Amino acid sequence: MNQGKGIEIFRNDLAGMKKFLESKPQNSYWVVQKYIEKPLLYEGRKFDIRMWAVMTCKGEFYFYKHGYIRTSSDFYSLDSKTNYVHLTNNCLQQFGDKYGAFEEGNTIEFPIFKQYLKQKFPEYDIDLDKHIMGRIKDLMIDSYLAVKSELNPNKRKNCFELLGYDFLIDEDFRVWLIEVNTNPYLGVPNNFIKGLLPKMINDLLEIVLDPCIKPANPLPPRGIFPASYSVEIENQFELLYDEKRKINKRRSYAESIYPIAELIPVPPVAFPLNK
């Protein structure tokens, strides 16, 4: 599934949900997710985080370090029944009357989002890399391991899959995986994405294509470009998992899903009853 296709929202309507499922072919699969009523908001509007990943036929799983924020076109209200408030998919938002009213292409880059977090929540000193990205990587690895045994059943060589991961942050800065998209959106809604996309694709091809077809005119080894050259020194895909090389960057399962200790709920104290 991708581009928001197949997403249905039911508002306190269990009967409607059952009717919807009964209308679908038998043995079809659906994922039921509880709606996150209290998401973290960007300037009063809902947003999600789009990250890219790639899995190869060699059993490697990479995460791209640079993602972006996708924003909704209207202010968030749980009572609102318009999907332009609740779903941040670009393929949906681009048809809204307010598309681009707040941000060009309804997307913002990470540095702007990091600055917003520092200004909006100075008491928590929240940092995207320190408090959010670790959990995002954990969830990406978990999702990959959940399906790894079913991938590439015909053992094809020299194949790969680019994935688009969508994450939501709630009011306590907890990270939730919304969905994983095959054939993710690679459009160019603004100048930021126009600059980011070619770099991602170049790094991707360096991993999946260059080992198979040696470039006729290879670039100089990374690290010796002049300072004016607009190429990252390092490939920005980070290897998160590789069974053959015994690489698994999944953190301990004991790691709290609350990145800010002050926001961890305190369980009620049970007092013994006196006879």
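The values are calculated or read from the model by the stated rules, or taken from the named source; none is laboratory data. Bear in mind that the values here come from a model prediction, so they are computed numbers and not experimental data. Glycine gets a Cβ as well: all are built from the backbone with ideal geometry, and neighbour counts include every protein chain shown. For the accessible areas, the whole protein counts, side chains as well, though only heavy atoms, and no ligand, DNA or RNA atoms are used. Shrake-Rupley method; radii C 1.70, N 1.55, O 1.52, S 1.80 Å.
Scanning region 101-130 for residues that are outside any helix (DSSP H, G or I), free of Cβ contacts under 8 Å to residues at least 12 places away in the same chain and open to solvent by less than 80 Å² (accessible area, probe 1.4 Å) yields a count of 1. Within region 176-195, the set of residues being among the aliphatic types (A, V, I, L, M) and either open to solvent by 10 Å² or more (accessible area, probe 1.4 Å) or assigned to a loop (DSSP other than H, G, I, E, B) (or both) comprises Leu177, Ile178, Val180, Leu186, Val188. As a summary of the residue check, Lys58 satisfies the conditions (1) part of a helix (DSSP H, G or I); (2) of a type outside the set (Asp, Glu); (3) closer than 28 Å to Leu205 by Cα; (4) open to solvent by 90 Å² or more (accessible area, probe 1.4 Å) except for the one numbered (1). Scoring Lys46 on the criteria (1) under 23 Å from Lys137 (Cα atoms); (2) open to solvent by 80 Å² or more (accessible area, probe 1.4 Å) leaves a single failure, condition (2).
Taken together, Leu163, Leu151 contain a single residue that is surrounded by fewer than 17 Cβ atoms within 10 Å (Cβ to Cβ), closer than 23 Å to Arg250 by Cα and in contact with a strand residue (DSSP E or B) (Cβ under 8 Å, 6 or more places away or on another chain), which is Leu151. Figure legend. Inter-residue proximity from region 140-163: first residues without any contact (Cβ under 8 Å) to a residue 60 or more places away in the chain, second residues among the aliphatic types (A, V, I, L, M), beta-carbon distance below 7 Å, spacing 6+ or different chains. Indicated pairs: Ser143/Leu177; Ser143/Val180.
When Ser28, Ser73, Ser80 are checked against the criterion of being part of a loop (DSSP other than H, G, I, E, B), within 21 Å of Val188 (Cα to Cα) and polar (S, T, N, Q), Ser73 stands alone in meeting it. In the set (1) open to solvent by 40 Å² or more (accessible area, probe 1.4 Å); (2) modelled with pLDDT of 95 or more, the condition left unmet by Glu238 is number (1).
Within region 243-259, residues that are more than 18 Å from Ile126 (Cβ to Cβ) reach partners that are loosely packed, with under 13 Cβ neighbours inside 10 Å with beta carbons closer than 9 Å, at six or more positions or on different chains, in the pairs Arg250/Asp142. Remark: pairs (first residue in region 210-226, over 22 Å from Lys157 (Cβ atoms) and surrounded by 10 or more Cβ atoms within 10 Å (Cβ to Cβ); second residue β-branched (Val, Ile, Thr) and modelled with pLDDT of 60 or more; Cβ separation under 7 Å; 6+ apart in sequence or on different chains) = Arg222/Ile233.
When Pro39, Pro25 are checked against the criterion of being touching a strand residue (DSSP E or B) at 6+ places or on another chain (Cβ under 6 Å) and on the phi < 0 side of the Ramachandran plot, Pro39 stands alone in meeting it. The lone criterion from (1) out of contact with any helix residue (DSSP H, G or I) (no Cβ under 6 Å at 6 or more places or on another chain); (2) open to solvent by less than 70 Å² (accessible area, probe 1.4 Å) left unmet by Asp74 is number (1). Here region 131-148 is the region considered, the condition is being under 19 Å from Ala261 (Cα atoms) and within 14 Å of the chain's Cα centre (by Cα), and the residue that is surrounded by the fewest Cβ atoms within 10 Å (Cβ to Cβ) is Gly134.
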